[in-house]
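Q: One structure follows; several queries about it will come next.
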Amino acid sequence: RDSLAKQFYEGDFVYQDDGLKVAEKDIDFNGRFAIQLDGIWQNKKLVVGGPFRSIGFYNKSDGRIYLIDCAVLAPGRRKWPFMRQLIAMANTFKTADEVKHGAE
């Protein structure tokens, strides 16, 4: 997530220090094994940051690795309501094969 954020999100990076680390856990994501990362992102140039949740999984039917990335930027506002909405949207994700074959 860190290297992709640096490349595609104008220099964002995953913030970690001795007291704050990225939380990683294995999850069931819509019936498949996935890895979930929860942490904080920052951008020193833009002086912004916030929480993120990334969910990654391998999809055997198309041989692709997917990364669903949810990140909140809401200066001066509570972040959790926005993160809940992003997580709800992420949970509706379907691969093209699932859409084609009507997987629920």
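The values are calculated or read from the model by the stated rules, or taken from the named source; none is laboratory data. Predicted, not measured: the structure shown is a model, and the values here were computed from it. When we count neighbours, we look across all protein chains shown, and the Cβ atoms used for this are built from the backbone with ideal geometry, even at glycine. Surface areas here come from the heavy atoms of the whole protein model, side chains and all, with no ligands, DNA or RNA. Shrake-Rupley method; radii C 1.70, N 1.55, O 1.52, S 1.80 Å.
Residue-by-condition table, conditions (1) touching a strand residue (DSSP E or B) at 6+ places or on another chain (Cβ under 7 Å); (2) within 26 Å of Thr92 (Cβ to Cβ):
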| position | (1), (2) |
| --- | --- |
| Ala23 | yes, yes |
| Asn43 | yes, no |
| Gly49 | yes, no |
| Asp62 | no, yes |
| Val72 | yes, yes |
| Pro75 | yes, no |
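Q: Being surrounded by 13 or more Cβ atoms within 10 Å (Cβ to Cβ) and part of a loop (DSSP other than H, G, I, E, B) is the filter here; which residues of region 58-78 pass it?
A: Val72, Leu73, Ala74
Q: Give me the residue from region 3-23 that is under 17 Å from Met83 (Cβ atoms) and not hydroxyl-bearing (Ser, Thr, Tyr) and, out of that set, surrounded by the most Cβ atoms within 10 Å (Cβ to Cβ). Break it down into steps so the answer makes sense when it comes.
A: Keep residues of region 3-23 that are under 17 Å from Met83 (Cβ atoms), which gives 5, 9, 12, 14-15, 20, 22-23.
Still in the running and not hydroxyl-bearing (Ser, Thr, Tyr): 5, 12, 14, 20, 22-23.
Numbers: Ala5: 20, Asp12: 25, Val14: 18, Leu20: 10, Val22: 15, Ala23: 10.
Within region 3-23, the match that is surrounded by the most Cβ atoms within 10 Å (Cβ to Cβ) is Asp12.
Q: Scan region 30-41 and give yes if some residue there is at pLDDT below 95, open to solvent by less than 30 Å² (accessible area, probe 1.4 Å), in contact with a strand residue (DSSP E or B) (Cβ under 7 Å, 6 or more places away or on another chain) and aliphatic (A, V, I, L, M), otherwise no.
A: no
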